[in-house]
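S.K.: Have a look at this one.
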Amino acid sequence: MYICAIFYCIMPQKLIDKTEIEVRFGEVDAMGIVWHGNYVKYIEVGRESFGKKYGISYLDIYTHKVMAPVVNLSVDFKRQVKYGETLLIETEYVDSDAAKIIFKYRIFKTSTNELVATAKSTQVFIDMNYEMLLYPPDFVIEWKRKVGLID
């Protein structure tokens, strides 16, 4: 949501993490190209790095007796990646009032700055009885205050 007046707009706070990963031999196929399934692992590396940086890692969530399984994941492939190349994984939090965590990802080759993939993931909150929460847990509201997403 944007808050605009006649002369300016207040842009919402963006939470972005960037982390690098080198493509390992076991992640490529017989043609020497990264097998598409490994992008799910790269996205998880980005999500974990984001969580550590901003204080909302899987362990942070779990200490509140809540889990956050991925319920949706989409990946669009743009360019091939080969063994030994280094990738930059950019993970951006997408704010939502719902009881979910949404991330957008952009993956680049560091050597050329080429965009090689984009992705989006959605996680929901469930309690320890595997029941989905309908409202964001209190600790998520506090986290949003701490990182400047809400007042």
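All of the numbers you see were taken from the coordinates with simple rules; none came from a lab. Please read these numbers as outputs of a predicted model, since none were measured by experiment. Quick reminder, even Gly has a Cβ in these numbers, built from the backbone with ideal geometry, and neighbours come from all protein chains shown.
S.K.: On C-alpha positions alone, give me the angle between the axis of helix 38-54 and the longest principal axis of the chain, in degrees, nearest 10.
M.R.: Tilt of helix 38-54: around 40 degrees.
S.K.: Using Cβ contacts closer than 10 Å as the measure, can you line up Thr19, Thr91, Thr63 from fewest to most?
M.R.: Thr63, Thr19, Thr91
S.K.: Let me ask something else. For the chain, with the dipole built from +1 on Lys and Arg beta-carbon atoms and -1 on Asp and Glu ones, taken about the Cα centre, which of Tyr58, Thr112, Ile150 lies farthest toward the positive end?
M.R.: Farthest towards the positive pole: Thr112.
S.K.: Same structure again: Given a Förster distance of 22 Å, report the FRET efficiency between Asp29 and Leu88 from their Cβ-Cβ distance, rounded to the nearest 0.05.
M.R.: Approximately 0.50, to the nearest 0.05.
S.K.: May I ask for the equivalent-ellipsoid semi-axes of the chain, computed as the square root of five times each C-alpha gyration tensor eigenvalue and listed largest first in whole Å?
M.R.: After diagonalising the Cα gyration tensor, the semi-axes are 30, 21, 13 Å.
S.K.: Express in nm, to one decimal, how much length is gained between Val40 and Lys104 on full extension, taking 0.36 nm for each residue of separation and deducting their alpha carbon distance.
M.R.: 21.8 nm
S.K.: Can I ask one more? Excluding residues fewer than 8 places away in the same chain, name every one of the lysines whose C-alpha is closer than 27 Å to that of Lys52.
M.R.: Correct list for Lys52: Lys14, Lys18, Lys41, Lys65, Lys100, Lys104, Lys109, Lys120, Lys144, Lys146.
S.K.: In nm, give the distance between the simple-model label positions of Ile141 and Gln80, each being 7 Å from the Cα along the Cα-to-Cβ direction.
M.R.: 5.2
S.K.: Add +1 for every Lys or Arg and -1 for every Asp or Glu among the other residues with Cβ under 14 Å from the Cβ of Ile126, and state the total.
M.R.: Spelling it out: positives minus negatives among the neighbours equals 0.
S.K.: Modelled label-to-label distance, Leu149 and Glu131, 7 Å Cα→beta-carbon offset: nm?
M.R.: 2.4
S.K.: Using a 10 Å cut-off around each Cβ, can you sort Leu133, Leu59 from fewest to most neighbouring Cβ atoms?
M.R.: Ordered by Cβ neighbours within 10 Å, fewest first: Leu59, Leu133.
S.K.: Here's a follow-up. When Trp143, Trp35 are ordered from fewest to most other Cβ atoms inside 10 Å of their Cβ, what list results?
M.R.: Lowest to highest Cβ neighbour count: Trp35, Trp143.
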